[in-house]
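Notes follow once the structure below has been shown.
The values are calculated or read from the model by the stated rules, or taken from the named source; none is laboratory data. Being a predicted model, the structure only gives us computed values, none of them experimental. Cβ placement follows ideal geometry from the backbone for every residue including glycine, while neighbour counts extend to all protein chains displayed.
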Amino acid sequence: MAASKPDKPLGLKELVAIAVGGMIGGGIFTVLGISVAMVGLWAPLAIAMGGGVAALAAYSYVQLGKYFMDEGATYSFFKRSFPKSRRAAAAVGWWTIFGYISTLALYAYTFSSYALSVTDWADSEWARKIVSWGVIWLFALINIWSVRGMGHIEDVMVYVKVVILLSIAALLMMHPDATLPQLIKDSPSLTFMALLTVASLTFVAYEGFQLVINAVKEMQDPKRNMPRAIYTAMVLVTTIYVLVALAAVLSVPFNAIVQDKEYALAAGATAVLGEWGGRFVVLGAVLATMSAISGTLFGASRQMARIADDRYFPAFIDERSGMIPVHAILTMATLASGLILVGGLRMILEFGSITFLVVSFLMALANYRLRRETETNVLMAWLAMIGLATGTVVIFWYEAHTAPAQIAFIGGLYVVLTLGAILFERHEYRHRRDAPGFPPNR
C-alpha cells in the first residue's frame, strides 16, 4: 500500500525555494556597483561579511520560530516577547509590512526594467509601470489559486535561476579582464569602515529568509524543516552572491560596474560572451525578481493577516479561503501597485533596508530575553545583537553623510507609520476591549 501524501503542502524543497526566492530578488545586481565603487576587488569579501551578519539574524529568527511556531514571525515574536508593549508591537507590525510592500514594488519594477531591456519599450516609463502591475497581479492570483501550485512554480523559478547565476559566474571567471596585481592597484584604498559599510548595505540583499516562518501552518514537520530550510538557503545564497561578485570584479572593468550599476553584470556578460551572454543575465534577473515577488507575497501576506487578527490592521484583511489570506494578498498587491504609480521607489527601498536591520536587531534582543526558553547559545545571541546594532548604526551614518534628504524622508516615514499604528491601535482597542473573548493585551 502506498504511503499517504502529507496533508501540509510545503516540504523542505519548497521551503528552501521560498527562502532563496525571497532573498535573490535583484539585490545582488543592485549592490555590485556601490560595493565595487567603495572597496573594489574586496567586494566579494564585504558581501560575504553581509551574509555573516544576516546569518546571525537568521539564528535569532530560527530559535524564536521553533519556540513560538507562529506565522506572524517578526511582529508576533516581538509582541509575545514584550507582551505589555501593545503600541510598540503595532508599530513594528506596520514598519515590517510597509517594508515588504516597498520591496515588493521594487522587485516588480526591477522585473519590468530587465524584461523590457531587450524590447523597443525599454525607455518607456509607462510600459515599465504596466508590466510591473501585471507581474504583481499575476503572482497575487497564483498565490490565491493554490499554496501547493505556488510552491511548485517557486521551485522551478528558484532552482533554474540558481543554475543560471552559477553558470554566469563560471563563464565570466573563465574570461578574466585583468591580473590580480592590476586589480589590487585599481581598487580604492581598503579600510575596515568601508568594508563594514558595504556589508551593512549588502544586508538587504539577504532579506527574505524569514518568509519561511510565515508558512509554519502549511509546512511539513516545522520544527525540523524550518531551521534546515533557512540555514540551507543562507549558505546557498551567500555562496552565489560571493561567486557572482568575484566573477564581476575579475571580468568586468571596475569603472563599467560602477557606471552600469544594476545592469553591470548584463553589460559585462555581453562584452565578454556576446549578446547571448547579456540575454542570459537578463533571464536570470527576470527569474530572480519573479520568484522574489511570489515568495514575498506568500510570506508577508500571512504576517499581515496575523496582525489583522490582533486588530492592528482592519479585520477584513484576516479573512481567508482555507489557509490562504486572500484579502491580505490583494491588499499588498494593491498598495505595491500604488507605490509603483507614485514612483520614488529607490528612496522607499532604503526604508526597507533600514527596517530589516532594525527589526532583525529587535528579534536578536527578543531571543536574548527568552534565551532559556528558546535554548539559545548566549555567545550567538550577543554576536547577533552586536552585529545587527553595528550594521544599523553604520547604515544610518552612511545615509546621513551621502543622502541627508533621503534619511530625513525615511525618518518622516517612520513617524507617519508609527503614529498611524498607535492611532489605529487606540481606536480598535477602545472599541473592542469590552467585547467577549477579546484579551486585554491584544
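For region 345-361, state whether one or more residues are charged (D, E, K, R), over 23 Å from ILE101 (Cα atoms) and surrounded by fewer than 16 Cβ atoms within 10 Å (Cβ to Cβ). I'd like the intermediate steps shown before the answer.
Taking region 345-361 as the starting set, the residues that turn out to be charged (D, E, K, R) are 346, 350.
Among the residues that remain, those that are also over 23 Å from ILE101 (Cα atoms) are: none.
No: region 345-361 contains no residue that is charged (D, E, K, R), over 23 Å from ILE101 (Cα atoms) and surrounded by fewer than 16 Cβ atoms within 10 Å (Cβ to Cβ).
At pLDDT 85 or above and farther than 30 Å from LYS8 by Cα: which single residue out of GLY352, GLY412, GLY344 fits that description? Before the answer, list the steps.
Values: GLY352 fails: at pLDDT 85 or above; GLY344 fails: at pLDDT 85 or above.
Only one candidate passes the filter, namely GLY412.
List the number of the failed condition for ALA122; all other conditions in (1) touching a Pro at 6+ places or on another chain (Cβ under 6 Å); (2) not in a helix (DSSP H, G or I) hold.
Answer for ALA122: the failing condition is (1).
Any chance region 201-217 includes a residue that's out of contact with any Leu (no Cβ under 8 Å at 6 or more places or on another chain), surrounded by fewer than 21 Cβ atoms within 10 Å (Cβ to Cβ), within 23 Å of VAL358 (Cα to Cα) and modelled with pLDDT of 90 or more?
no
With the condition kept exactly as written, say whether any residue in region 313-334 is crowded, with 18+ Cβ neighbours inside 10 Å and of a type in the set (D, E, K, R).
For region 313-334, residues crowded, with 18+ Cβ neighbours inside 10 Å and of a type in the set (D, E, K, R): present.
Select from region 306-333 the residues that are of a type in the set (S, T, N, Q) and modelled with pLDDT of 90 or more and list them in ascending order. Break it down into steps so the answer makes sense when it comes.
Looking only at region 306-333, we keep the residues that are of a type in the set (S, T, N, Q), and these are 321, 331.
Across region 306-333, the qualifying residue is only THR331.
So, ARG224, is that one buried (at least 16 other Cβ atoms within 10 Å of the Cβ) and assigned to a helix (DSSP H, G or I) or not?
Details: buried (at least 16 other Cβ atoms within 10 Å of the Cβ): no; assigned to a helix (DSSP H, G or I): yes.
No; evaluated as a whole, the condition is false for this residue.
In this structure, is ASN367 closer than 21 Å to GLY93 by Cβ, modelled with pLDDT under 90 and polar (S, T, N, Q)?
Values: closer than 21 Å to GLY93 by Cβ: yes; modelled with pLDDT under 90: no; polar (S, T, N, Q): yes.
Considered against the rule, which asks whether it is closer than 21 Å to GLY93 by Cβ, modelled with pLDDT under 90 and polar (S, T, N, Q), ASN367 comes out as no.
Do the conditions hold for VAL281, that is, is it surrounded by 18 or more Cβ atoms within 10 Å (Cβ to Cβ), modelled with pLDDT of 90 or more, among the hydrophobic types (A, V, I, L, M, F, W, C) and touching a helix residue (DSSP H, G or I) at 6+ places or on another chain (Cβ under 8 Å)?
no
If we keep just the residues of region 154-180 that are over 23 Å from MET49 (Cα atoms) and at pLDDT below 80, which is surrounded by the fewest Cβ atoms within 10 Å (Cβ to Cβ)?
THR179
Among the residues of region 73-112 satisfying the criterion of being in contact with a helix residue (DSSP H, G or I) (Cβ under 7 Å, 6 or more places away or on another chain) and either charged (D, E, K, R) or free of Cβ contacts under 8 Å to residues at least 60 places away in the same chain (or both), which is nearest to MET23 (Cα to Cα)? Outline the logic, then answer.
Keep residues of region 73-112 that are in contact with a helix residue (DSSP H, G or I) (Cβ under 7 Å, 6 or more places away or on another chain), which gives 73-82, 86-87, 89-112.
Filter once more, keeping what is either charged (D, E, K, R) or free of Cβ contacts under 8 Å to residues at least 60 places away in the same chain (or both): 79-80, 86-87, 112.
Details: LYS79: 25, ARG80: 26, ARG86: 30, ARG87: 29, SER112: 18 Å.
Applying the filter and picking the extreme gives SER112.
I'd like to check which helices (runs of 4 or more DSSP H) are fully inside region 251-361 and have at least 1 residues that are within 30 Å of ASP177 (Cα to Cα) and among the charged types (D, E, K, R).
Details: elements: 254-260, 264-273, 275-309, 326-342.
Once the helices (runs of 4 or more DSSP H) in region 251-361 are filtered for at least 1 residues that are within 30 Å of ASP177 (Cα to Cα) and among the charged types (D, E, K, R), what remains is 254-260, 275-309.
What is the one condition in (1) within 27 Å of THR390 (Cα to Cα); (2) touching an Asp or Glu at 6+ places or on another chain (Cβ under 8 Å) that ALA215 does not satisfy?
(1)
Just checking, does region 71-81 include any residue being more than 21 Å from the chain's Cα centre (by Cα), surrounded by fewer than 19 Cβ atoms within 10 Å (Cβ to Cβ) and closer than 30 Å to ALA421 by Cα?
Step one: filter region 71-81 for residues more than 21 Å from the chain's Cα centre (by Cα), giving 79-81.
Checking the rest, the ones that are also surrounded by fewer than 19 Cβ atoms within 10 Å (Cβ to Cβ) come to 80.
From what is left, the residues that are closer than 30 Å to ALA421 by Cα are 80.
Looking for residues that are more than 21 Å from the chain's Cα centre (by Cα), surrounded by fewer than 19 Cβ atoms within 10 Å (Cβ to Cβ) and closer than 30 Å to ALA421 by Cα, one finds at least one in region 71-81, hence yes.
Please work out which one of (1) over 30 Å from ARG306 (Cα atoms); (2) crowded, with 23+ Cβ neighbours inside 10 Å is the condition PRO253 fails and give its number.
(2)
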